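Some notes on the structure that comes next.
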Amino acid sequence: MADKTVRLVSREEVAEGTMAFHFEKPSGFSFRAGQFADVTLIDPPETDAKGITRTFSIASPPFANELIFTTRMRDTAFKRSLKKVPLTAEVKISPASGSFTLHKNLAKAAVFLAGGIGITPFLSMVQQADRDRLSQKLYLFYSNRRPEDAAFLDTLTALETTNPNFRLICTMTEMSKSKKEWKGETALMDKEMLRRHLTNLQGPIYYIAGPPTMVTAMRATLVSARVEENDIRTDEFVGY
């Protein structure tokens, strides 16, 4: 399938320094929750050596009538351009790809471990699971420094009320820098936290998404807890 040309519909700040960009969904564009696509700017106002194409997980679920890509707003030509081009500006979007998708054995629970912007593929997954009324047990551990940094926190909290098979466990690791109240977890995600919320660490399929250092650390944590490596799937979010 060839790249599709689509228009930017809207953009919004979904956490401090994090923006979501809403695009038209092309006719015939299909994907599985958790997959990604390339976004290529068309005639951007500025460029740099890193080029005009970036890869993003699709934050919106497959049933939605739009495509949402969410990113930390680092100071790069690509992101500055995406932030300031006029609405209705066009970009090219590649066909979706990637295997970081929910397993099909509904009897096996899924445990999602998200660090920061690594929440995006999981947002798509849990929204689609809610829509499909899956009987599968889903656990989402979501780590941020502060509530101000936690994108889509309200949406995820609401999903916990509509899907009895979904549990959300959030942790904020630098609350001394926050101006908001927080009554949840504040420790780093580790073996002890997982044990507090999961009946058995062996058995689920684990999905880890976030910065490379976080992904590496959580994989090592799971292996040390005797989780089978075949039951661990990862998606590294490299900043650019």
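Read the figures in this text as sums done on the coordinates, not as results from a lab. What you see is a predicted model; the values in this text were computed from it and never measured. Note that we place each Cβ from the backbone using ideal geometry, even for glycine, and neighbour counts take in every protein chain shown.
For the reader, a short list of remarks on this structure follows.
- Taking amide H positions as modeled 1.01 Å from N, with prolines and chain starts lacking one, the residues under 5 Å from V14 and 5 or more places away or on another chain are M19, A20.
- Among F100, F152, the ranking by other beta carbons within 10 Å of each residue's beta carbon, starting with the fewest, stands as F100, F152.
- The value of relative contact order for the chain, using C-alpha pairs under 8 Å at least six residues apart, is 19 percent.
- Members of K84/K137; K25/K79; K108/K180; K104/K191 lying beyond 29 Å, as alpha-carbon distances in this model show: K84/K137; K108/K180
- Loop-located GluC sites (Glu not before Pro) in region 1-96, at most 14 other Cβ atoms within 10 Å (DSSP): E16, E46
- For region 110-236, convex hull volume per residue from C-alpha positions, Å³: 103 Å³
- When the charge dipole of region 35-185 is built from unit charges on Cβ atoms (+1 for Lys and Arg, -1 for Asp and Glu) and taken about the Cα centre, the candidate among L140, V91, A37 whose Cα reaches farthest toward its positive end is L140.
- Centroid-to-centroid, using Cα positions, region 1-52 and region 186-240 are 29 Å apart.
- The P(r) of the chain has a tail past 25 Å containing 42 percent of all C-alpha pairs.
- Basic side chains Lys and Arg get +1 at the Cβ, acidic Asp and Glu get -1 at the Cβ, and with that the dipole of region 30-176 about its Cα centre reaches some 340 debye.
- Only alpha carbons enter this Debye calculation for region 4-93, each as an equal point scatterer, and the log10 of I(q)/I(0) it gives at q = 0.16, 0.20, 0.24 Å⁻¹ is -0.60, -0.95, -1.38.
- Dividing the helix sum by the residues of the chain, where each DSSP H run of 4 or more adds -39500 (n - 2.57), gives a mean residue ellipticity at 222 nm of -6500 deg cm²/dmol.
- Stretch in the chain that is longest and holds no trypsin sites (Lys or Arg not before Pro) that DSSP places in a loop and that have at most 12 other beta carbons within 10 Å: 1-49
- Charge dipole magnitude, Cβ of K and R +1, D and E -1 - region 4-93, Cα centre, debye nearest 20: 160 debye
- Global size of region 114-162 as Cα Rg and Dmax, reported in angstrom: 10.9, 32
- Sparsely packed chymotrypsin sites (Phe, Trp or Tyr not before Pro) within region 1-82, loop by DSSP, other Cβ within 10 Å at most 12: F63
- Of all aspartates and glutamates in the structure, those lying under 15 Å Cα to Cα from K4, and not within fewer than 8 positions of it along the same chain, are E24, D38, E66, E90.
- Karplus-derived 3J(HN,Hα), 6.51/-1.76/1.60, for each residue of region 182-192, Hz, glycine and proline x: 8, 10, x, 5, 10, 7, 5, 5, 8, 4, 5
- Kirkwood hydrodynamic radius (C-alpha pairs) into Stokes-Einstein, region 64-155, 25 °C and 0.890 mPa s, D in µm²/s: 156 µm²/s
- Residue by residue, region 148-153 carries 3J(HN,Hα) couplings of 4, 8, 8, 5, 6, 4 Hz when phi is fed to the Karplus relation 6.51 cos²θ - 1.76 cosθ + 1.60 (θ = phi - 60°); x denotes Gly or Pro.
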